[in-house]
Amino acid sequence: MNSRNAISRAPVLATIMVGSLACTPPQPSPSSTSPTLIGQGCEATEEVVFAGNVEDDFGLSVAVCLERQADENAPRITVRYSGEGGGSAVSCIAGQCEGLIRFEHYVRYRFTVLTLSWFDENGSQRIVETFDAQAPDEEPTHALTHTWLPSSAKIGSEADIDAPQEYPIIAETQQLALLRLDPFFRR
């Protein structure tokens, strides 16, 4: 009698085991436990300030990261960008970014412009974020653009084809996220 009960219980137990396996959350594979860069282009030890993808033909993505140092008032600011031609980064300690990274914040009533510029051997790049809520009867407008001026560009000459172009950015972070940089660039 016991053997017949055991045989009739076998399908029920198999169903329970399969169901419990299906409810078990997946375990991370050993290769994904400690990636160098997190999903938005910053290292695991850094905070993501801004991340976005430029709508150009080069697949350019940009990430702005903060890494807290022993001196909490002066974190390391890093701008990473990568695309078809590879990637690069510009980094400096807040307060010591002259010539590498510049942040400007213009504000008036219901209107904000944030400009982040960085400079390296590849030229100068700029992200401009505008938020305009001046028209009280209309929805606020928000725009993010990226401009890259290669170091070899000659503006105003016969090579106007090299003049910088603005491309829209699709942000992965919230609007006006670049404002987190403001305290580190005040003068």
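The values are calculated or read from the model by the stated rules, or taken from the named source; none is laboratory data. Here the structure is a predicted model, which is why all the values come from computation and not from measurement. Cβ placement follows ideal geometry from the backbone for every residue including glycine, while neighbour counts extend to all protein chains displayed. For accessibility, only protein heavy atoms count, side chains too; no ligands or nucleic acids. Shrake-Rupley method; radii C 1.70, N 1.55, O 1.52, S 1.80 Å.
Numbers for the structure displayed
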| item | result |
| --- | --- |
| Surface accessible to a 1.4 Å probe, residue 90 within the full protein complex, Å² | 10 Å² |
| Leading residue at positive end of dipole, the stretch 42-89 (Cβ point charges), from 77, 49, 64 | 77 |
| Nitroxide proxy distance, nm - points 7 Å out along Cα→Cβ at residue 151 and residue 106 | 2.9 nm |
| Protection proxy ranking of 45-57, 133-145 - average other beta-carbon atoms within 10 Å, highest first | 45-57, 133-145 |
